[in-house]
Amino acid sequence: MATKKQDKKDTKVIKEEPVEVKHPEENAGTLEKIETEGYGRFEYRNGTVYEGHWILLNGRKVKNGEGTLIHAGTTSNEAGNEEYRGSWKEDKMDGFGVYRYTSGAIYKGEWVNNKQEGRGVYEFPGGMIYEGEWKDHKMHGEGSFIDKEGNRWEGEFVNGVFQSKMQKQLKLEKLMKRKEEEILANARNFFTKFEQAYANSDKRTYKENLAPFFAGGQDEIKQFYKEPYPKYEERKPEQWLELISLMKAYTIANVLRHKLDAKVVDPNNILCPQFAEQGQIVEFTRTLPDLSLIHI
């Protein structure tokens with residue numbers, strides 16, 4: 001499949017002349033109140049027209065909220081115009097909006113800081129359609145492309161280009177990342193469960209409820225990691241709680257994809273493959289105010 005690139009002539013960033021606020025004059029010692037927001041119609045010297053909501057920002061009325069901007073076309077009829085209808089934030093397209101280009105192309109989707117970013121649909125003049133993720137005004141991320149012949153291409157786009165040779169690698173990396181996020185979520189849940197077990201315990205039940213969280217209390221761990229392990233008896237229950245609560249606000253989390261990725265534990269102590277069903281290791285590091293590090 002040939003690579004697909006978005007038509008560059010349709011991706012200009014809107015720049016227009018600011019509308020200056022005319023400050024009211026003082027009359028008989030009184031100062032008329034200045035409006036800081038509103039709805040109106042603004043006609044620019046270059047023929048561009050904006051109608052919609054605005055706010056006062058640094059002494060200027062700027063587009064903010066829902067509104068429509070129409071750029072005068074190169075022809076005398078309305079078909080030559082470019083038009084944006086949608087959300088604005090401090091004079092920039094931001095949020096959901098629809099942009100109709102002079103070429104006939106249409107983009108319907110999300111905008112950030114005057115650029116197509118998020119999810120959106122781009123209809124090319126020749127009938128081609130892209131639907132998917134955008135970044136920095138380019139097709140970037142997961143999406144589908146329908147060409148002129150109606151063939152549908154699905155996969156990962158990178159900086160506006162669909163590269164078929166990269167698809168397997170990109171999809172695999174995406175699956176790995178998703179699995180990594182699931183493993184990390186389960187590991188973070190360990191902290192919450194420990195705190196809950198502590199809260200539901202007293203002096204008589206601390207050991208019974210908290211010891212199962214330690215490797216020494218789980219014989220099966222010996223299949224996955226060599227001794228020594230942290231033991232419940234090494235600290236008082238309240239000291240373990242303090243450490244767990246501290247690590248809950250970790251600075252770095254390292255989900256091992258391979259045992260050689262270990263930065264805290266000794267890789268030679270890891271007895272099983274990582275990113276498998278059992279024996280997964282996640283390292284947590286917390287940087288303290290004095291820049292010292294603690295690990296778990």
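The values are calculated or read from the model by the stated rules, or taken from the named source; none is laboratory data. Bear in mind that the values here come from a model prediction, so they are computed numbers and not experimental data. No Cβ is skipped: glycine too gets one built from the backbone with ideal geometry, and neighbour counts run over all protein chains shown. All accessible areas refer to the heavy atoms of the entire protein, side chains included, with ligands and DNA or RNA removed. Shrake-Rupley method; radii C 1.70, N 1.55, O 1.52, S 1.80 Å.
A few points about this structure:
- Checking the stated criteria, Gly126 turns out not to satisfy the condition of being of a type in the set (Gly, Ala, Ser), part of a strand (DSSP E or B) and without any contact (Cβ under 8 Å) to a residue 60 or more places away in the chain.
- Within the stretch 132-162, restricting attention to residues that are within 17 Å of Lys174 (Cα to Cα) and of a type in the set (Phe, Trp, Tyr), the residue that is surrounded by the fewest Cβ atoms within 10 Å (Cβ to Cβ) is Phe162.
- Leading residue by the ranking (modelled with the lowest pLDDT) among those in the stretch 86-111 that are surrounded by fewer than 17 Cβ atoms within 10 Å (Cβ to Cβ), part of a loop (DSSP other than H, G, I, E, B) and not polar (S, T, N, Q): Gly104
- Residue within the stretch 5-23 that is at pLDDT 90 or above, open to solvent by 30 Å² or more (accessible area, probe 1.4 Å) and more than 30 Å from Asp147 (Cβ to Cβ) present: no
- If you go through the stretch 222-237 and pick out every residue that is in a helix (DSSP H, G or I), without any contact (Cβ under 8 Å) to a residue 12 or more places away in the chain and either open to solvent by less than 90 Å² (accessible area, probe 1.4 Å) or more than 15 Å from Cys272 (Cβ to Cβ) (or both), you end up with 2.
- From the list Ser201, Ser292, the lone residue that is polar (S, T, N, Q) and modelled with pLDDT of 90 or more is Ser201.
- Exactly one residue among Leu210, Leu175, Leu271 is surrounded by fewer than 13 Cβ atoms within 10 Å (Cβ to Cβ) and more than 22 Å from Leu288 (Cα to Cα), and that residue is Leu175.
- Restricting the stretch 112-131 to residues that are open to solvent by less than 40 Å² (accessible area, probe 1.4 Å) and under 18 Å from the mean Cα position of the chain (by Cα) leaves a set whose member that is farthest from Tyr84 (Cα to Cα) is Gly118.
- Flag if Arg286 is surrounded by 14 or more Cβ atoms within 10 Å (Cβ to Cβ), without any contact (Cβ under 8 Å) to a residue 60 or more places away in the chain and not in a helix (DSSP H, G or I): yes
Residue-by-condition table, conditions (1) in contact with a helix residue (DSSP H, G or I) (Cβ under 8 Å, 6 or more places away or on another chain); (2) modelled with pLDDT of 90 or more; (3) open to solvent by 40 Å² or more (accessible area, probe 1.4 Å):
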| site | (1), (2), (3) |
| --- | --- |
| Ile34 | no, no, yes |
| Tyr39 | no, yes, yes |
| Leu57 | no, yes, yes |
| Val62 | no, yes, no |
| Thr68 | no, yes, no |
| Thr75 | no, no, yes |
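- Taking the criterion of being open to solvent by 70 Å² or more (accessible area, probe 1.4 Å) and not in a helix (DSSP H, G or I), the residues of the stretch 178-207 that qualify are Asn200, Lys203, Arg204.
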